[in-house]
Amino acid sequence: MPEEPCQCPDCQRFYREHDRLIRENPTLRQQQELNWAALQSFRTLAGRALEELQKIHGDGESAPPSSASLAPAVPPGSGHGDETEADAIQQAIGDLENINAHLFSIEALMERIFDVRVPDEVEQKFKEMAGELAPDPLNADRLRLNRLLHQTPDLPDRS
């Protein structure tokens, strides 16, 4: 017996986004392009954030920046907090460097996936499966089913 999907708000938001991406991009080609664009946007943003942090706080390989170089980012009189914040920033820089390395690896794998082309018949099968995996939540049949399952009317009573 399959486990019930989690009902927490984060998981519900994920399920809705997952289904939306399938509905709006129901072919192999569209999924390839969507994933490539998402990967590239993630790399661009993470890379730029890393560059900016390295300019301000150093590259993480040298000694932590002095308190003077942190002065604009840390309120005066923080004392011991300056060192803790500098350590946290250096840890974040290291984490971003690791993320960027992983993203480059994923990009190399994605290039292989992007080379795959399929006939129109296979793309049509993708579209059929997308409709089964992520039906339109505003479809009349889906709304009726939801109403029956949850015993909640779509419209308020007019009494």
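The values are calculated or read from the model by the stated rules, or taken from the named source; none is laboratory data. None of the values given here were measured: they were computed from a predicted structure. Ideal geometry is used to build each Cβ from the backbone, glycine not excepted, and the neighbour counts take in all protein chains shown.
For the structure I just gave you, tell me whether ALA92 is small (Gly, Ala, Ser), surrounded by 14 or more Cβ atoms within 10 Å (Cβ to Cβ) and at pLDDT 90 or above.
For ALA92, the condition - small (Gly, Ala, Ser), surrounded by 14 or more Cβ atoms within 10 Å (Cβ to Cβ) and at pLDDT 90 or above - is met.
I'd like to check something: does the range 106-114 contain any residue that is modelled with pLDDT under 95, of a type in the set (Gly, Ala, Ser) and closer than 30 Å to LEU50 by Cα?
Scanning the range 106-114 turns up at least one residue that is modelled with pLDDT under 95, of a type in the set (Gly, Ala, Ser) and closer than 30 Å to LEU50 by Cα.
Exactly one condition in (1) assigned to a helix (DSSP H, G or I); (2) at pLDDT 90 or above; (3) surrounded by 11 or more Cβ atoms within 10 Å (Cβ to Cβ) is false for VAL118; which is it?
All conditions pass for VAL118, except number (1).
Going through the range 1-36 one residue at a time, which ones are surrounded by 15 or more Cβ atoms within 10 Å (Cβ to Cβ) and of a type outside the set (D, E, K, R)?
Matches in the range 1-36: LEU21, ILE22, ASN25, PRO26, THR27, LEU28, GLN30, GLN31, GLN32, ASN35, TRP36.
Quick one: ALA68 ticks every box in (1) surrounded by 12 or more Cβ atoms within 10 Å (Cβ to Cβ); (2) part of a helix (DSSP H, G or I); (3) modelled with pLDDT under 90 bar one, so which box is it?
Of (1) surrounded by 12 or more Cβ atoms within 10 Å (Cβ to Cβ); (2) part of a helix (DSSP H, G or I); (3) modelled with pLDDT under 90, only one is false for ALA68: (1).
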